[in-house]
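A short write-up of the structure that comes next.
Quick note: the coordinates plus some simple rules give every number you see, no bench work behind them. Given the structure is predicted, the values throughout are model-derived calculations rather than measurements.
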Amino acid sequence: MSTASKVVLGLSVVLTISTVAGVHLNQNWDRQRLHEGVLRDVERVERKRENLRLLEEQIQLTKGLEAARDLRETAAASQTAQNQ
């Protein structure tokens with residue numbers, strides 16, 4: 001085998017190994033990014049649930065405060081009517 005053919009064969013082997021290694025590394029990187037995306041989605045869903053729970057809690061507190069305010073206003077109005 002001539003020197004030129006040995007060099008070409010060596011370069012071909014090196015390029016093939018480099019290509020295969022690069023593809024495997026890229027696949028691992030893509031797989032890791034996909035997994036991180038799933039984790040971010042799970043965190044986002046958990047935050048959304050927590051926000052909805054807090055919103056419901058605020059709605060209930062608002063309703064309670066409005067009911068107490070209406071009761072005070074009604075009591076004040078009836079007391080004012082009695083005093084007249």
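Tilt of helix 3-83 relative to the longest C-alpha principal axis of the chain, in degrees (0 to 90, nearest 10)?
The angle comes out near 0 degrees.
Would you mind classifying the stretch 24-67 by shape? Square roots of the alpha carbon gyration tensor eigenvalues, ordered a ≥ b ≥ c; an a/c under 1.5 is rounded, otherwise it is prolate if a/b is larger than b/c and oblate if not.
prolate
Once you wrap a convex hull around the alpha carbon atoms of the chain, what is its projected area averaged over all directions, in nm²?
7.8 nm²
Rounded, prolate or oblate for the stretch 2-48? Axes are the square roots of the Cα gyration tensor eigenvalues, ordered a ≥ b ≥ c, and the cut-off for rounded is a/c under 1.5.
Cα axes put the stretch 2-48 in the prolate bin.
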